[in-house]
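The values are calculated or read from the model by the stated rules, or taken from the named source; none is laboratory data. Given the structure is predicted, the values throughout are model-derived calculations rather than measurements. Note: ideal-geometry Cβ built from the backbone for every residue, glycine included; neighbour counts use all protein chains shown. All accessible areas refer to the heavy atoms of the entire protein, side chains included, with ligands and DNA or RNA removed. Shrake-Rupley method; radii C 1.70, N 1.55, O 1.52, S 1.80 Å.
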Amino acid sequence: MSSLSAFRERYLVRFWSPLPALVALGVASAYYFAITGTFWAVTGEFTRWGGHVLAWFGAQPEQWSYFKLLGLNGTPLDRVDGVMIIGMLLGALCTALWANNVSLRWPTSRRRLLQGLVGGIIAGFGARLAMGCNLAAFFTGIPMFSLHAWAFMLATVAGAWVGVKICLLPWLRTPLRVGTQASALFADPEATRRRAGLQARIGVGVALVAVAFAAWRFDASLVLGMAVLFGLLFGGLIERAQICFTSAARDLWTTGRTRAAYGILLGMTVACVGTFGAIALGASPKIFWMGPNAIIGGVLFGIGIVVAGGCETGWMYRAMEGQVHFWVVGVGNVIGGTLVAVYWDALGSTLALPYPKVNLLERFGPTSGLMLTFAGLAVAMLLVHLNAKRFQPKRSSLDEPGTRSLA
């Protein structure tokens with residue numbers, strides 16, 4: 001095998017380990033905040049997309065309280081979150097193409113499409129009620145030292161447990177069927193080689209489009225151009241390492257696997273350091289209300305992502321790989337977030353706005369707030385470890401000292 005082929009096989013075809021990828025995402029998210037002044041987040045922008053769609057049908061969402069709070073100026077091409085998300089989708093598509101991993105894939109059961117839509121709506125609703133998803137109210141929310149993100153994280157884990165129980169109901173269990181698409185697709189080595197070459201060339205074309213898009217946004221402003229580049233990085237990393245927060249939360253209750261959970265917690269730990277430095281240099285953290293909205297939203301989000309089968313980051317890269325189920329999950333996310341905007345006057349006035357925005361750095365002081373956050377993440381790692389031990393097979397009494405082997 002040539003050195004070029006070996007490089008492609010190792011770095012472009014094989015999936016990457018999620019733990020170092022999540023640490024890299026933590027570092028990148030801190031730099032993203034320092035450069036753009038906002039956090040890595042997606043559901044707020046998805047909700048804006050829902051607002052634009054409603055405007056096409058004669059609604060005036062720019063006059064709604066929620067969009068006055070969130071902002072609905074311009075188009076996705078004019079907003080940092082908008083161009084970053086476009087960059088994420090392009091980055092995930094590029095890496096999936098280079099890995100020969102793009103193909104149209106339907107779920108084995110049509111029921112999964114409905115389940116994806118309903119779960120996506122629940123997750124999107126919960127995310128925007130809490131003012132963030134697994135990113136803004138979790139992975140980048142905790143490094144912002146916002147107390148509401150801790151409530152959201154714990155509530156999401158609890159919601160995932162409920163989601164697991166729901167998915168175990170007989171009418172939601174999907175019969176296991178061995179798919180024929182993949183086996184037929186790769187049965188002919190020569191056809192697979194030609195397909196890989198075609199996808200690699202298309203991937204190069206997509207990369208050139210992404211670079212041109214970034215250059216165009218750089219011409220408008222430095223921040224927009226950098227947001228595109230960070231989006232490409234985020235999208236490429238989550239696709240190559242198959243980063244999905246749903247599996248991390250679900251595994252806590254089903255298999256006890258810890259790699260993704262440890263990676264998420266370590267990623268947040270390194271993000272805390274970079275975010276703390278950016279705040280010390282004058283950047284303003286994003287702090288949201290520590291109210292029932294964070295808890296209710298977290299529980300709904302946890303339920304929704306498990307029922308749907310994927311979170312925001314998860315459905316984005318899987319959609320770029322051609323998995324139709326996750327296109328439906330994405331539509332559900334937009335619908336759910338937009339429903340919060342429609343009913344925000346009632347929801348916000350009772351569940352969010354009356355409650356304080358608690359910044360741990362201000363409440364306890366910069367050093368104590370940082371140390372308290374580190375301590376919380378350490379405790380979370382310990383709990384993940386202790387939870388995993390529940391799934392380890394117990395040693396048989398036959399292996400205990402003093403017992404006679406029957407073998």
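Numbers at a glance
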{"item": "Hits in region 78-109 (condition: out of contact with any Lys or Arg (no Cβ under 8 Å at 6 or more places or on another chain) and more than 30 Å from ARG14 (Cα to Cα))", "result": "ASP78, VAL80"}
{"item": "Count of residues meeting criterion [buried (at least 21 other Cβ atoms within 10 Å of the Cβ), within 19 Å of SER247 (Cβ to Cβ) and out of contact with any Pro (no Cβ under 8 Å at 6 or more places or on another chain)] in region 24-42", "result": "2"}
{"item": "Only one of VAL334, VAL340 that is under 18 Å from GLY141 (Cβ atoms) and of a type outside the set (Asp, Glu)", "result": "VAL340"}
{"item": "Residue under evaluation LEU252, criteria (1) modelled with pLDDT under 95; (2) more than 15 Å from VAL157 (Cβ to Cβ); (3) surrounded by fewer than 24 Cβ atoms within 10 Å (Cβ to Cβ), criterion not met", "result": "(2)"}
{"item": "Some residue of region 350-366 being more than 24 Å from the chain's Cα centre (by Cα), open to solvent by 10 Å² or more (accessible area, probe 1.4 Å), among the polar types (S, T, N, Q) and at pLDDT 95 or above", "result": "yes"}
{"item": "Elements of type helices (runs of 4 or more DSSP H) in region 1-80, at least 3 residues being touching a helix residue (DSSP H, G or I) at 6+ places or on another chain (Cβ under 7 Å)", "result": "18-36, 43-56, 65-70"}
{"item": "Residue list for region 110-127, restricted to those being assigned to a helix (DSSP H, G or I) and open to solvent by 10 Å² or more (accessible area, probe 1.4 Å)", "result": "ARG111, ARG112, LEU113, LEU114, GLN115, LEU117, VAL118, ILE121, ILE122, PHE125"}
{"item": "Only one of LEU114, LEU129, LEU93, LEU97 that is closer than 30 Å to ARG173 by Cβ and in contact (Cβ under 8 Å) with a residue 24 or more places away in the chain", "result": "LEU129"}
{"item": "Region 136-148, subset farther than 18 Å from GLY337 by Cα and in a helix (DSSP H, G or I), residue most open to solvent (accessible area, probe 1.4 Å)", "result": "LEU147"}
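Yes/no per residue for (1) outside any helix (DSSP H, G or I); (2) in contact with a Lys or Arg (Cβ under 7 Å, 6 or more places away or on another chain); (3) farther than 29 Å from ASN387 by Cα:
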| residue | (1), (2), (3) |
| --- | --- |
| GLY274 | no, no, yes |
| ALA283 | yes, no, yes |
| GLY298 | no, no, no |
| GLY304 | no, no, no |
| GLY314 | no, no, no |
